[in-house]
Amino acid sequence: MRQLDILIVEDGRSQREMLRDFLVSEGHRVMEAENGESAIRTATANHFDLVLLDYKMPGMNGLEVLKEVKKINREIDVVIITAYGTIETAVEAIKAGAIDYITKPVELDELLLLLERITERRGLIRENELLKKELEKHSVTTGKIIYKNPRMIELVNMASRVAASRASVLIQGESGTGKEVMARLIHQLSPRAHKPLIVVNCGALPENLLESELFGHEKGAFTGAVSTRPGVFEQAHRGTLLIDEIGDLELDLQPKLLRAIQRMEVLRVGSRHPIKVDVRVIAATRRDLDREIQAGRFRDDLFFRLNVARIELPPLRRRKGDAELLARHFCMLLGAPADALPERLLRAFHDYEWPGNVRELRNAVSRFLALGDLADFGPGLERGVHSSTDDHNEGDFLDDVVAMHLPLQDARQQVVEEFERRYVQHAIERHAGSTSQAATEAGVAKRYFRLLRARYTK
């Protein structure tokens, strides 16, 4: 067990000294306070991992001290010690920020198990923070490009170099590979970052509406044009315009787009007066434009104008190592710990082909966190999930724990907690949600079973 810095707040001298001697014998650093006021002064002047706090003391009571201690350092773990072992007391303390409570007389074995859980929890928090920092090394603050694959490193470096210029950029890649994210990165690294990035999707609008969207229109130019409206070129003035899915642009519109890019001027629908613009153009497409040109569906002159710098994003199946990194990143974005996914599942993610690329991966992580299964994501991934989730195979869970190379005590605690979780869930299900009946069957006090239920069925 890792050494903890512990503050004991207890007005009873014999109880305080007993706790101190036990904790010191277990290798922890300990300081003492005999009342709430002394505790606050000590917590202000020193760093602590844990406060063992008596609930009933002369002067300030335990809840009052708890709130003040949390103001000093929100990261301090607080455990309430009380002779009044009611569930109401526990709930009140936990609502105020305590992580647990124990009753007097303190059972030293119970305290030891509690300390082990706290140590494990703090260790996981530290690991999560380290992982978060590691992820941030590979991410752009706002672009959220997460990678460690060598090819992606090359492409991000290329994007950084291209961003400083005015050159048009063509981004190609399968659906879901992050083309818009890459475009946003280029914009954010460019001198135009303080100006808008405007996005238009050529595949989302019919031709008659897309022309108006691109170049704007005058009032009365067509039925429904009740007012003058600037197009995306004007909206992106001095900024960046991302023309997404440009491979879907109809042939009739392609020369008009080419003229706007070449001359940096647009002609609104229904107008005879061109408007000058200053726009950096980035185009993105899932299509192979070389083939589209050969098939006569895309103009080569427009292609050459756009293809000053080309970035071809690889599909996720060719970005080995990135699926696991991205999965951890999405866990954090969705409010879960970075290590919320079991190792066996991450291995399944590594081996899966990801036909929907990064978009599919994010959906998979979201679904797994919400439901615990990925049945809609194809047989390959489904098989990986069913072989990886601890809810399906006890042997797999034990294998995962063993594979973590944890100290024996830590590994044992993980197994114990997993057993408790499953036991409580099944007991509650068998008794239709009745805590009282489940506790009776388990042969434990209802109060204790309530705490287990609260811990494992959040």
Could you tell me which residue of the stretch 147-164 is nearest to Asp290 (Cα to Cα), considering only residues that are surrounded by fewer than 18 Cβ atoms within 10 Å (Cβ to Cβ) and free of Cβ contacts under 8 Å to residues at least 40 places away in the same chain? Glu154
Check Pro314, Pro355 and return the single one that is under 30 Å from Ile246 (Cβ atoms), touching a helix residue (DSSP H, G or I) at 6+ places or on another chain (Cβ under 6 Å) and modelled with pLDDT of 85 or more. Pro314
Gly335 more than 30 Å from Glu250 (Cα to Cα) and free of Cβ contacts under 8 Å to residues at least 12 places away in the same chain: yes
From the list Ala284, Ala295, Ala260, which one is more than 24 Å from Leu197 (Cα to Cα) and small (Gly, Ala, Ser)? Ala295
For the list (1) surrounded by 14 or more Cβ atoms within 10 Å (Cβ to Cβ); (2) farther than 23 Å from Arg450 by Cα; (3) acidic (Asp, Glu), I need the number of the one condition that Glu17 fails. (1)
If Met57 passes every condition in (1) under 21 Å from Lys446 (Cα atoms); (2) of a type outside the set (S, T, N, Q); (3) modelled with pLDDT of 85 or more; (4) in a loop (DSSP other than H, G, I, E, B) but one, which one does it miss? (1)
So how many residues does the stretch 73-101 have that are closer than 24 Å to Gly123 by Cβ and either surrounded by fewer than 18 Cβ atoms within 10 Å (Cβ to Cβ) or modelled with pLDDT under 80 (or both)? 8
How many residues, within the stretch 103-113, are surrounded by fewer than 17 Cβ atoms within 10 Å (Cβ to Cβ) and within 34 Å of the chain's Cα centre (by Cα)? 2
Within the stretch 261-285, residues being part of a helix (DSSP H, G or I) and out of contact with any helix residue (DSSP H, G or I) (no Cβ under 6 Å at 6 or more places or on another chain) number 2
Got a sec? Which of Asn46, Asn35 is touching a Pro at 6+ places or on another chain (Cβ under 7 Å) and in contact (Cβ under 8 Å) with a residue 24 or more places away in the chain? Asn35
Quick check on Phe298: is it assigned by TED's automatic domain parsing to the domain that holds Asn201, buried (at least 18 other Cβ atoms within 10 Å of the Cβ) and not in a loop (DSSP other than H, G, I, E, B)? no
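The values are calculated or read from the model by the stated rules, or taken from the named source; none is laboratory data. From a predicted model like this one, the values you see are computed outputs, not experimental measurements. Here Cβ is always computed from backbone atoms with ideal geometry, including for glycine, and neighbour counts include all displayed protein chains.
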